[in-house]
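K.L.:
Got a structure for you, written out below as structure tokens; questions coming shortly.
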Amino acid sequence: MSEPKPRIKLLVVEDSPEDRVIYRRLLEQCPDLECEVLESDTGEDGLRLCRENAPDCIILDYNLPDLDGLEFVADLRKNQYPGAVVMLTGTGSEEIAVTAIKQGAQDYLLKDHLTPMSLSKAIRSALRIKELDRQKKKAEEELKAHKDRLEELVEKRTAELKSAHQQLLHAEKLSATGKLAASIAHEFNNPIYGIRNVLEQIREDLALDETHAYLVDLAIRECSRVATLIRKLQDFHRPSDGVVSLMNLHQAIDDMLLLADKKMKERNIRLKKIYDPRLPQIRAVADQIKQVILNLVQNAEEAIPDPGGEIVITTNAQPDTILIEVQDTGCGISPETMKMIFDPFFTTKPQVKGTGLGLSVSYGIIKKHGGDLLVESVPGKGSTFIIILPCEGEGR
Ligand SMILES: Nc1ncnc2c1ncn2[C@@H]1O[C@H](COP(=O)(O)OP(=O)(O)OP(=O)(O)O)[C@@H](O)[C@H]1O
Ligand SMILES: [Mg+2]
């Protein structure tokens, strides 16, 4: 059984009526094509028919009354005509034909050598070239899309590696500082408590005049401050020593808020709690997690300038993690400061107020729990610290 002839829509643009009759006959005799033929006798009309009917192929006479064949092909290219073009030229105009092909025609035929076979062959070859062009273009587009995707992936991966590297650096810095701090703290701990005891005894046992009593009180307070600092320094090393147990986070947050409550009321800071009732209990070292919450709440409170503002604590249960957000309407954090807030001893607060250990200790604790501590901030508007902790649906 012979294959069915391909049926194509063909547009003939030719001003000579006699020639059009000849082409029509030749096309009817084409051995392996079945054509639906449209005809046009001017370039402009040909272009219009092309726009309206989208023929598969155009048989184009080079010499038209209004446009020449090259102008016609240029217009087709401008309008991204997807079909094929076979240019017809007289003998001796081969150069024109070559130019036409360079400009977008797929094949050419000499008018005085036309036969049904040569016409059919030229049309089929033009259609094939066009199809190959289309496939090449598609392949190029796909290649470009792959390349773009690859570049995107490389960029993403590079950013991830950079961030992992930074975290590693930070973790190393914390660990080194932690070890140093813990050993110094150990050396300082006993003497400082000893000094404070002596001072307290002097305060109690001796009848000091007002000035000396004031100075001894001051010395006792300073000893307490140093003792607190030492405790914080030791916290660097403590996380792994804590006892892991099932803890209720809402209870822990409430306990810590109680400690901050008085200060917040004095400073006119509203407190809002948005607790997720589905929040599961988690396995963690309770006093360490409480310490992180307290650090974040204290920071939030300290960031809010007078005459007050708002702190919102939100909890959220996700499939494998829980989130605790501490959001404040405080001063916010500038991009330059942001780079340093997790560094040990970095503080923007006056010496009596901040040691710059709150966030680095908190970061260490959360990391040791397999979680993460993130921050988002808009300078002048406020900050949000987000604790992420893993959970396995414990106690749901
Ligand atoms: N909620 C916040 N809003 C604005 N800045 C903040 C906030 N939390 C932390 N910071 C910035 O990060 C710095 C480091 O915080 P961190 O808690 O580590 O130390 P600190 O609060 O200064 O001292 P402390 O050891 O008493 O906590 C702060 O000094 C402050 O500049
Ligand atoms: Mg702090």
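The values are calculated or read from the model by the stated rules, or taken from the named source; none is laboratory data. The model shown is predicted, which means the values in this text are computed figures rather than measured ones. Positions of Cβ are generated from backbone atoms using ideal geometry, with glycine treated the same way; all protein chains shown enter the neighbour counts.
K.L.:
Restricting to the range 107-149, count the residues that are in a helix (DSSP H, G or I), of a type in the set (A, V, I, L, M) and under 26 Å from THR89 (Cα atoms).
P.N.:
Adding up the residues that qualify gives 8.
K.L.:
Check LYS232 against each of (1) assigned by TED's automatic domain parsing to the domain that holds THR347; (2) within 13 Å of ligand 1 (Cβ to nearest atom); (3) crowded, with 16+ Cβ neighbours inside 10 Å and name the one condition it does not meet.
P.N.:
The number of the failed condition is (1).
K.L.:
May I ask you to say which residue of LEU233, LEU294, LEU257 is touching a strand residue (DSSP E or B) at 6+ places or on another chain (Cβ under 8 Å) and among the aliphatic types (A, V, I, L, M)?
P.N.:
LEU257
K.L.:
State all residues of the range 313-359 that are more than 20 Å from GLY371 (Cβ to Cβ), crowded, with 20+ Cβ neighbours inside 10 Å and not aliphatic (A, V, I, L, M); if no residue qualifies, say none.
P.N.:
Passing the criteria: ASP328, GLY330.
K.L.:
Being over 42 Å from the mean Cα position of the chain (by Cα) and among the aromatic types (Phe, Trp, Tyr) is the requirement here; does TYR108 meet it?
P.N.:
Here the answer is yes, as TYR108 does meet what is asked.
K.L.:
List pairs: first residue in the range 283-304 and in contact (Cβ under 8 Å) with a residue 12 or more places away in the chain and within 13 Å of ligand 2 (Cβ to nearest atom), second residue among the basic types (Lys, Arg) and in a helix (DSSP H, G or I) anywhere in the structure, Cβ distance under 9 angstrom, at least six positions apart or on different chains.
P.N.:
Filtered contacts from the range 283-304: GLN298/LYS263; GLU301/LYS263.
K.L.:
Would you mind telling me which numbered condition in (1) at pLDDT 90 or above; (2) closer than 30 Å to ILE195 by Cβ VAL292 fails?
P.N.:
Exception for VAL292: condition (2).
K.L.:
Within the range 305-338, which residues are near ligand 1 (Cβ under 9 Å from one of its atoms) and without any contact (Cβ under 8 Å) to a residue 12 or more places away in the chain?
P.N.:
THR337
K.L.:
What about SER240, is it modelled with pLDDT under 85 and loosely packed, with under 13 Cβ neighbours inside 10 Å?
P.N.:
Yes.
K.L.:
Separate question: Six or more apart or on different chains, Cβ under 7 Å: which pairs go from a residue in the range 188-208 that's touching a residue at least 40 places away in the same chain (Cβ under 8 Å) to one that's part of a helix (DSSP H, G or I)? Could you list them?
P.N.:
PHE188/ILE230; ASN189/ILE230
K.L.:
Here's a follow-up. Kindly establish whether ILE333 is within 16 Å of ligand 2 (Cβ to nearest atom), outside any helix (DSSP H, G or I) and hydrophobic (A, V, I, L, M, F, W, C).
P.N.:
yes
K.L.:
Something else now. I'm checking my understanding of the structure. Among residues of the range 374-390 that are hydrophobic (A, V, I, L, M, F, W, C) and crowded, with 22+ Cβ neighbours inside 10 Å, which one is farthest from ligand 1 (Cβ to nearest atom)?
P.N.:
Among residues in the range 374-390 that are hydrophobic (A, V, I, L, M, F, W, C) and crowded, with 22+ Cβ neighbours inside 10 Å, the one farthest from ligand 1 (Cβ to nearest atom) is ILE387.
K.L.:
Right, here's the next one. Any residue at all in the range 328-336 that is in contact with a strand residue (DSSP E or B) (Cβ under 8 Å, 6 or more places away or on another chain) and under 30 Å from ARG283 (Cβ atoms)?
P.N.:
yes
K.L.:
Mind listing whichever residues of the range 306-330 are outside any loop (DSSP other than H, G, I, E, B) and within 13 Å of ligand 2 (Cβ to nearest atom)? Steps first, please.
P.N.:
At the first step, the residues of the range 306-330 found to be outside any loop (DSSP other than H, G, I, E, B) are 309-317, 321-328.
Correct list: VAL326, ASP328.
K.L.:
Being at pLDDT 90 or above, closer than 18 Å to PRO390 by Cα and not in a loop (DSSP other than H, G, I, E, B), is that true of even one residue in the range 253-274?
P.N.:
Yes, some residue in the range 253-274 is at pLDDT 90 or above, closer than 18 Å to PRO390 by Cα and not in a loop (DSSP other than H, G, I, E, B).
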